[in-house]
Structures are given as structure tokens and as C-alpha cells.
Amino acid sequence: MTFPIFNLALKGVQQLVPYVPGKPIDEVQRELGLSHIVKLASNESPLGTNPSVLQAITAALPDLARYPDGSGFKLKAAIAKKMGVDSRQVTLGNGSNEILELVARTFLSRELNVIFSQHAFAVYALVTQAVGASAQIIPAVNYGHDLNAMLAAINEQTRLIFIANPNNPTGTWLTSDALKTFLKALPPTVLCVLDEAYFEFTVNEQKVDSVSWLTEFPNLIITRTFSKAYGLAGLRIGYSLSSFEIADLLNRVRQPFNNNSLALVAAEVALADDDYLQQAIVTNTQGMTELTAAFSALGLSWIPSAGNFVSVDLQRDALPIYQELLQQGVIVRPVANYEMPNHLRISIGTSEENQCFISALKAVL
Ligand SMILES: *Cc1c(COP(=O)(O)O)cnc(C)c1O
């Protein structure tokens with residue numbers, strides 16, 4: 001008789017539901033025999049690879065036999081300069097997802113608990129459960145985080161709170177005042193991860209200068225990524241800004257070469273390219289207007305979003321509509337796993353991609 005290996009895993013791991021990514025283009029092409037596919041399912045950059053990044057990583061290819069710079073010295077210096085912090089406050093990750101995981105592995109254990117919101121980014125639950133800590137999920141208000149309820153839920157065992165601002169998949173955002181008040185009320189023994197994966201897309205009063213708070217809050221960890229606005233999702237690189245103490249601890253736990261050499265080079269070039277970033281923001285603003293105008297015309301409501309995606313309410317089970325859109329060659333994201341069974345999340349594409357999606361949606365409805 002074989003021993004059931006499953007039972008040897010941490011309880012939290014046994015109960016884990018694996019992350020479901022957006023359907024890859026290849027897979028849809030294979031399964032449906034379609035040649036033209038529009039993928040608006042993973043909040044990727046519709047601008048494609050930045051040509052100056054392409055040039056830089058091509059130039060770096062002959063050095064692949066060498067290990068990367070394990071300290072990420074040059075990239076950290078560039079991030080520190082741009083953000084106005086010290087290099088020793090920067091931690092690099094294999095995507096900002098790795099930072100979320102590093103925080104969990106550095107600070108959590110089975111007796112401790114973690115607070116995050118209903119409808120919050122799925123990875124918070126994954127990294128919490130994977131280390132055996134328990135999660136306390138706080139009901140959302142109008143799809144957004146209820147900061148007061150989160151504060152009220154803190155107990156002796158609470159070590160960490162995850163806040164996504166803007167949140168994925170809802171696109172909801174918090175004001176600077178609300179966040180600052182929240183951080184002030186947080187006990188110094190509770191860490192706050194402020195996940196700003198969509199920071200670059202926020203405009204006007206949505207913009208929060210969280211970096212300026214780092215000196216006041218040594219328990220604050222800001223995470224950012226090159227996957228979204230900078231268009232480097234495939235290379236896997238993100239970072240956190242925090243106190244020296246936290247950065248030092250995360251640095252002890254991470255793999256010595258967690259960022260590959262091409263990602264390090266690419267991120268440095270991407271960070272310096274304001275034109276690509278500006279174009280990404282303009283494309284996003286225009287695309288958001290296009291999509292929401294189409295929803296309006298179809299009599300559909302949506303959750304106002306500060307990100308590069310928008311979740312639309314179909315007022316009935318959205319899964320069959322998702323399937324029919326797939327048949328039309330348009331991949332979007334069902335969010336039933338986020339307790340939003342009637343919504344679909346649409347990433348903002350180029351105008352052409354947005355129009356493809358709008359036509360397909362009209363045909364399906
Ligand atoms: C996309 C996303 C991330 C970052 O992903 P990486 O590619 O690992 O950097 C982090 N948080 C949220 C809320 C996201 O949507």
C-alpha cells in the first residue's frame with residue numbers, strides 16, 4: 001500500500017486552491033482552432049515589449065553563462081534614486097508576487113493570523129495558507145476595503161495586513177487620508193503590505209504618495225511591479241520599498257539569485273523610459289473611456305477602476321458569457337473565485353483590441 005503523501009503536507013497547503021491564471025493565447029488557439037485572439041485577461045501591457053528593453057536584453061544575451069548580480073546593485077540604485085529612498089530600503093523580487101511570499105515566509109507562522117479584504121488579490125490567501133498561518137477575511141464595502149473593520153479585527157495573533165491599492169480584480173482605491181489614518185492606528189507589531197501593482201495607472205486624487213510615509217512607519221512594506229505599466233510581465237520582476245530592517249530580513253530569506261540577469265537589465269531600461277510609461281497611461285485612460293462608454297450603451301454597470309482593467313456586472317452568471325466570448329476569440333477573466341460570479345474582469349487593451357471585445361460582447365448579449 002502506498003502512503004498518502006498528501007497527508008504529509010501542511011494543513012494549509014492541503015486546503016490550498018491553486019491560482020488560476022488568465023487563459024494563454026496558445027491554448028485558446030489550439031482548443032478552438034482560431035487564429036486571431038485578443039487577450040484581455042491578465043492586465044498585461046497592450047503596448048507590447050518596449051523596443052529599448054528588447055535592445056538591451058539582446059545585448060545582454062551573450063552573458064547568460066554568468067550568474068546574475070545577486071544583489072541587484074544597479075537596479076536597486078536606479079529604483080532608489082527614482083523613488084527618493086535609500087538603496088538599502090529596496091528588495092527585488094521575482095515579480096512582486098515573490099515579495100508577497102517572502103513577507104509571509106519571513107514574518108508568519110502557524111499561530112499567527114493575517115487580515116485582508118473580501119475580493120482582494122488571490123495571492124494573499126495563497127501565501128498565507130502556504131506557511132500555515134490563518135487568514136481573516138474582512139467583508140468588503142462596495143467592493144472596496146473596509147479599513148475600519150480591518151483595524152477592529154486585529155488581535156494578539158495578527159502579524160500582517162495586506163492592502164491592495166488599487167485592488168485587483170475590483171479596481172477600487174483608497175484615499176491618501178484614509179490610508180494614512182489607518183497606518184497611524186496600526187499597532188507597531190502589525191505589518192502592512194501596501195500592494196501598489198497598479199500605482200502607475202492612478203491619476204489625480206487617486207495618487208497616494210505612500211513612499212513619503214516610510215520614515216514614519218517602519219512596519220510599512222510597499223510593493224510595486226514591472227509587470228503591468230512597464231510591460232515586463234514575462235520577465236518576472238518587482239520590488240518592495242520598506243524600512244532598512246524589513247529589507248534586511250527579506251534579503252536573508254530570498255534565494256541568492258532570485259532575479260535573472262535579463263530581468264535586471266530590462267527593468268533598469270524600462271524604469272528610465274518615461275515615454276513608454278506615459279503612452280501606457282494614455283492608452284489606459286482612453287481605453288477605460290471606450291470600454292465604460294460601451295458598457296453604458298449596453299445598460300451594464302461596472303465597478304469604477306483606478307487600474308488597467310475594469311470589472312463589469314452582467315447581472316447573471318458570467319461564466320457562459322466568458323465561454324461565448326472565448327468562442328469569438330476574446331479572452332477575458334471570470335472572477336467567480338473572487339466571489340464575483342456575475343462579473344467579468346476586462347484588461348484595457350489597444351483601441352483595436354477594445355473594439356474587438358466590444359463587438360464580441362454585443363454579439364454575445
Ligand atoms: C499583477 C499583480 C501583482 C504583481 O504581479 P507580479 O507580476 O508578480 O509583479 C501584485 N498584486 C496585484 C494586486 C496584482 O494584480
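The values are calculated or read from the model by the stated rules, or taken from the named source; none is laboratory data. No experiment lies behind these values; they were computed from the predicted model shown. All Cβ positions, even for glycine, are placed from backbone atoms using ideal geometry, and neighbour counts span all protein chains on display. Note: accessible area is taken over every heavy atom of the protein model, side chains too, but ligands, DNA and RNA are not part of it. Shrake-Rupley method; radii C 1.70, N 1.55, O 1.52, S 1.80 Å.
Scan segment 195-222 for residues that are touching a residue at least 40 places away in the same chain (Cβ under 8 Å), within 14 Å of the ligand (Cβ to nearest atom) and over 21 Å from Tyr276 (Cβ atoms) and the total you get is 2. Screening the candidates Thr283, Thr215, Thr289, Thr202 for the property of being open to solvent by 60 Å² or more (accessible area, probe 1.4 Å), modelled with pLDDT of 95 or more and closer than 27 Å to Val312 by Cβ yields one hit, Thr289. Quick check: is even one residue across segment 28-43 among the aliphatic types (A, V, I, L, M), on the phi < 0 side of the Ramachandran plot, in the same structural domain as Gln328 (by TED's automatic domain parsing) and open to solvent by 30 Å² or more (accessible area, probe 1.4 Å)? Looking through segment 28-43, at least one residue is among the aliphatic types (A, V, I, L, M), on the phi < 0 side of the Ramachandran plot, in the same structural domain as Gln328 (by TED's automatic domain parsing) and open to solvent by 30 Å² or more (accessible area, probe 1.4 Å).
Looking only at residues that are among the hydroxyl-bearing types (Ser, Thr, Tyr) and part of a helix (DSSP H, G or I) in segment 68-104, which one is farthest from the ligand (Cβ to nearest atom)?
Ser87
Highlighted here would be helices (runs of 4 or more DSSP H) found entirely within segment 1-67 that include at least 3 residues which are of a type in the set (Lys, Arg), touching a residue at least 24 places away in the same chain (Cβ under 8 Å) and farther than 23 Å from Leu291 by Cα, but there are none. Selection of first residues in segment 93-116 that are open to solvent by 40 Å² or more (accessible area, probe 1.4 Å) and of second residues that are among the basic types (Lys, Arg), restricted to Cβ pairs under 8 Å at least 6 apart or on distinct chains, gives the following pairs, ordered by first then second residue: Asn94/Arg236.
Please count how many residues of segment 332-356 are hydrophobic (A, V, I, L, M, F, W, C), in contact (Cβ under 8 Å) with a residue 24 or more places away in the chain and surrounded by fewer than 23 Cβ atoms within 10 Å (Cβ to Cβ).
3
For segment 218-246, what are the residues that are small (Gly, Ala, Ser) and either buried (at least 22 other Cβ atoms within 10 Å of the Cβ) or in contact with a Gly (Cβ under 6 Å, 6 or more places away or on another chain) (or both)?
Those that are small (Gly, Ala, Ser) and either buried (at least 22 other Cβ atoms within 10 Å of the Cβ) or in contact with a Gly (Cβ under 6 Å, 6 or more places away or on another chain) (or both): Ser227, Ala229, Gly231, Gly238, Ser240, Ser242.
When we screen Ala272, Ala233 for residues that are of a type in the set (A, V, I, L, M, F, W, C) and touching a helix residue (DSSP H, G or I) at 6+ places or on another chain (Cβ under 9 Å), the only hit is Ala272. Of the strands (runs of 3 or more DSSP E) lying entirely inside segment 248-365, the ones with 1 or more residues being closer than 30 Å to Leu92 by Cβ are found at 309-313, 343-347.
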